[in-house]
1. Among residues belonging to the stretch 134-179 that are closer than 21 Å to residue 202 by Cα and of a type in the set (D, E, K, R), point out the one that is surrounded by the most Cβ atoms within 10 Å (Cβ to Cβ).
2. If you go through the stretch 194-203, how many residues are crowded, with 18+ Cβ neighbours inside 10 Å and more than 27 Å from the chain's Cα centre (by Cα)?
3. For the stretch 90-130, which residues satisfy the criterion of being surrounded by fewer than 16 Cβ atoms within 10 Å (Cβ to Cβ), over 30 Å from residue 73 (Cβ atoms) and among the aliphatic types (A, V, I, L, M)?
4. For residue 70, which of the numbered conditions (1) in contact with a Lys or Arg (Cβ under 9 Å, 6 or more places away or on another chain); (2) more than 30 Å from residue 177 (Cα to Cα) fails to hold?
5. Among the residues of the stretch 55-62, is any surrounded by fewer than 18 Cβ atoms within 10 Å (Cβ to Cβ), in contact with a helix residue (DSSP H, G or I) (Cβ under 6 Å, 6 or more places away or on another chain) and in a helix (DSSP H, G or I)?
6. Checking the condition surrounded by 16 or more Cβ atoms within 10 Å (Cβ to Cβ), in contact (Cβ under 8 Å) with a residue 60 or more places away in the chain and assigned by TED's automatic domain parsing to the domain that holds residue 71, which residue from 37, 20, 12 passes?
7. Restricted to the stretch 71-129, and to residues that are within 13 Å of residue 161 (Cβ to Cβ) and polar (S, T, N, Q), which residue is nearest to the chain's Cα centre (by Cα)?
8. Could you list, ordered by first residue, the pairs with Cβ atoms under 6 Å in which the first is in the stretch 176-188 and more than 11 Å from residue 228 (Cα to Cα) and the second is modelled with pLDDT of 85 or more and not small (Gly, Ala, Ser), at least 6 apart or interchain?
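The values are calculated or read from the model by the stated rules, or taken from the named source; none is laboratory data. In this text the structure is predicted, and so the values were computed from the model without any measurement. Cβ: placed from backbone, ideal geometry, glycine included. Neighbour counts: every protein chain shown.
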Amino acid sequence: MASDRHSIVDDIADSLLERIVSGALKADEALPPELEIANEVGASRLSVREAVKVLQAHNIVQVRRGIGTFVNPPEQWTSLDAIIRGVAHGVGAREIPLRLLEARRIVETGAAELAATRHQSSDIVAMRDSLQLMEERRDVADVAEFTAADIAFHDAVLMASGNPFVPALLNSFAALLYSTRRETSEIPQIRQHAIDHHHRILDAIDSGDAELSRRAMTEHLVQTFDDYEHYLVATRLTADQLDDESA
């Protein structure tokens, strides 16, 4: 009986999350009353209350006593699954990729520093092969292969750190990393920036200079952050303004 109720609670939580990531319930908007949700899904108010607690545990919603339950902005969520689903629907489309870049910077700059002194010859070969594929796909319409090669280059840097925990830290973000890198790789200027910076990272790691390697990776991720703001965020804001003017 307990397992059946647990399944119902999960289903209700998933249904509420779907409303949130689809935009039907927006940030700072109140969830419907428990009784209304219970009637809609054909469950008890207790099951609804427990489902809300599931979302609250991941900081997707917050309960304001005496007022109601409200949706938190996606950048406050702590559930990776919810974040990925939100990005797929365009929820947190500006903030989430930028926060992901911050996380990458924390991990990847340290990885590049370690890679400078710990890399094997096979790691350098893997970076070179990935970079060569990026250059081959730079000017063709195969964004998927360019993105895969871009990710492979960074994976090679993580592996070259010689610390098995380092690649594991970003592996859980694999789907989100691919979707955000695929989006940025659509822009020719960003593709060229990535290639230029990857050359510097490869040369720095191959030279064995730890500080230079850290700096090269930092400069790459700062450039990526700037590119995202300039080419994607600014474009979205302009499009939104045009939509508002035509409405």
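1. Checked the stretch 134-179; the qualifying residue surrounded by the most Cβ atoms within 10 Å (Cβ to Cβ) is 150.
2. 0
3. 125
4. (2)
5. Checked against the condition, which is being surrounded by fewer than 18 Cβ atoms within 10 Å (Cβ to Cβ), in contact with a helix residue (DSSP H, G or I) (Cβ under 6 Å, 6 or more places away or on another chain) and in a helix (DSSP H, G or I), the stretch 55-62 yields no hits at all.
6. Checking each option against the conditions leaves just 20.
7. Out of the qualifying residues, it is 109.
8. 182/147; 186/143
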